[in-house]
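Here is the structure we will look at, set down as structure tokens.
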Amino acid sequence: DGGITQSPKYLFRKEGQNVTLSCEQNLNHDAMYWYRQDPGQGLRLIYYSQIVNDFQKGDIAEGYSVSREKKESFPLTVTSAQKNPTAFYLCASNLAGTGVPGELFFGEGSRLTVL
Amino acid sequence: AQTVTQSQPEMSVQEAETVTLSCTYDTSESNYYLFWYKQPPSRQMILVIRQEAYKQQNATENRFSVNFQKAAKSFSLKISDSQLGDTAMYFCAFMKHEGIQGAQKLVFGQGTRLTINP
């Protein structure tokens, strides 16, 4: 079955540590996205990528980094510079320029808790 | 910059009732898309319904329909004959029309938690 897989589902981190969240898709989608979800704030865009080896900052990129070495993979690193990293992180993908406009396909999310 | 506002943090109705979720947005764009996404307790979000701003006819998908008021910048979602499986967080979202050519950056509202009671 095609879809988006995020791992781990739950992650605990000590302050000062970097952590990497995995996102893999087998939908052959060109574009991939990382969103952060906080209660009462909805989803906010962290980074996005339209093609391999290219990515752009979203609205809240500070303290985060990404890479796009393969079409299927778009890992997100939450660095120690992120001041408030405890949140629910969602990865999404879609066929950029084709398909249903605005139809993003989401993973099940990763919940990061900083202790 | 575009903003999307959902003023109802939580709603609760009985099964089989009709419920309407509100959404307002702010933009200077003339052509754009609006969406409602559903996030069930399992957390995987899915697209429920989509509206193109230049289309006057309100979108409908089975029990889900929208009331799109462009001048008022309002985009509400109506769920008819609600079912237990409709229990979820619902997000309203906006996208510029130019976004369809590249990465499609959506701006989301804060969400409304809807509970359908048996």
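What the table shows:
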| item | result |
| --- | --- |
| Residue within region A:83-106 that is part of a strand (DSSP E or B), surrounded by fewer than 20 Cβ atoms within 10 Å (Cβ to Cβ) and away from chain B (no Cβ under 14 Å) present | no |
| Per-region count, region B:56-71, residues assigned to a loop (DSSP other than H, G, I, E, B) and surrounded by 12 or more Cβ atoms within 10 Å (Cβ to Cβ) | 4 |
| Number of positions in region A:42-81 that are farther than 30 Å from B:Pro9 by Cβ, in contact with an Asp or Glu (Cβ under 7 Å, 6 or more places away or on another chain) and within 12 Å of another protein chain (Cβ to nearest Cβ) | 3 |
| Candidate set from region B:31-42 (those that are crowded, with 19+ Cβ neighbours inside 10 Å and free of Cβ contacts under 8 Å to residues at least 60 places away in the same chain); member that is farthest from A:Ile4 (Cα to Cα) | B:Trp36 |
| Criterion violated by B:Lys96 - all others in (1) within 14 Å of the chain's Cα centre (by Cα); (2) under 25 Å from A:Ser93 (Cα atoms); (3) charged (D, E, K, R) satisfied | (1) |
| Flag for B:Ser80 being touching a residue at least 60 places away in the same chain (Cβ under 8 Å), away from chain A (no Cβ under 14 Å) and not charged (D, E, K, R) | yes |
| Filter result for the condition that a residue is part of a loop (DSSP other than H, G, I, E, B), surrounded by fewer than 21 Cβ atoms within 10 Å (Cβ to Cβ), within 14 Å of chain A (Cβ to nearest Cβ) and out of contact with any helix residue (DSSP H, G or I) (no Cβ under 6 Å at 6 or more places or on another chain), over B:Gln104, B:Gln110 | B:Gln110 |
| Any hit, region A:36-44, residues being of a type in the set (Gly, Ala, Ser), within 19 Å of B:Gln39 (Cβ to Cβ), touching a residue at least 40 places away in the same chain (Cβ under 8 Å) and part of a loop (DSSP other than H, G, I, E, B) | no |
| Some residue of region B:49-60 being of a type outside the set (Gly, Ala, Ser) and under 24 Å from A:Gly40 (Cβ atoms) | yes |
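Each value in this text was obtained by applying a stated rule to the coordinates, not by laboratory testing. Just so it is clear, the structure is predicted and the values come from calculations on it, not from any experiment. Ideal geometry is used to build each Cβ from the backbone, glycine not excepted, and the neighbour counts take in all protein chains shown.
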